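A.B. asks: A single structure is presented below for examination.
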Amino acid sequence: MIDLLRPYFALIRATLIVAALVVAFAGGWHFSSLESEADRLKQQNAAVAEALQLERRAASLGAALAQGEQVRANAREVRAQTVTKEVVRYVEREKARAAAGKPVVVLDADWVRGHDLAATPPDLVDAGAVPAGEAGTATAGEALEAVSANYDQCYRWRDQVIGWQSWWRVQPHDRAPAPVQQD
């Protein structure tokens, strides 16, 4: 029987060689695709790690900024309570003086108009002055209440600006954007 197969040995050998080459090519192609997928996954993992690091940094900076805002708010609250006590004390003394028939400081309409004009944001002020008919008189206590409320709002805005400036300083605005990888 082997004698019958002798003419086909060369063909069988060539077929086995071709089959081995096909298997080697397919194995190499498969290994190459696995290696390519591994590289893609490494890049993806690196991008995720960088994003997590940025997220942690943002959370840490956010917490630090919030803590700074809380410190400013606490200081502002302590100051506001102190000022409020003093204003209330002054107004109560003023009312007691008025009830006793003693003189009370009354600010005229020109003073009130000047205060209102100074407290009005520039974009809301007409070219002319505040009309005299719109301003009335005020006691010194009423003026003190208005002025302390104006300062309180001013300090809130100041702290807000400080917070935005702190936020801006920690932003990575001087870094170039990372190049986008194309597959």
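A.B. asks: Only one of R76, R97 is open to solvent by less than 90 Å² (accessible area, probe 1.4 Å), among the basic types (K, R) and either in contact (Cβ under 8 Å) with a residue 60 or more places away in the chain or in a helix (DSSP H, G or I) (or both); which?
C.D. replies: Answer to the selection: R76.
A.B. asks: So, one more: All but one of (1) at pLDDT 90 or above; (2) not in a loop (DSSP other than H, G, I, E, B) hold for P103; state the number of the condition that does not hold.
C.D. replies: Of (1) at pLDDT 90 or above; (2) not in a loop (DSSP other than H, G, I, E, B), only one is false for P103: (2).
A.B. asks: List, please: which pairs have Cβ atoms under 9 Å, are six or more places apart or on different chains, and start with a residue in region 102-124 that is among the basic types (K, R) and end with one that is at pLDDT 85 or above and open to solvent by 40 Å² or more (accessible area, probe 1.4 Å)?
C.D. replies: K102/A96
A.B. asks: Six or more apart or on different chains, Cβ under 7 Å: which pairs go from a residue in region 23-49 that's in contact (Cβ under 8 Å) with a residue 24 or more places away in the chain to one that's acidic (D, E)? Could you list them?
C.D. replies: Taking only residues 6 or more apart or on different chains, the pairs are R40/D183.
A.B. asks: Right, something else. Out of everything in region 43-72 that is surrounded by 11 or more Cβ atoms within 10 Å (Cβ to Cβ) and acidic (D, E), what residue ends up being nearest to R169 (Cα to Cα)?
C.D. replies: E69
The values are calculated or read from the model by the stated rules, or taken from the named source; none is laboratory data. Source: prediction; values computed, not measured. Methodologically, a virtual Cβ is constructed for each residue, glycine included, from the backbone with ideal geometry; neighbour enumeration extends over all protein chains shown. Surface accessibility is based on the protein's heavy atoms, side chains included, excluding ligands, DNA and RNA. Shrake-Rupley method; radii C 1.70, N 1.55, O 1.52, S 1.80 Å.
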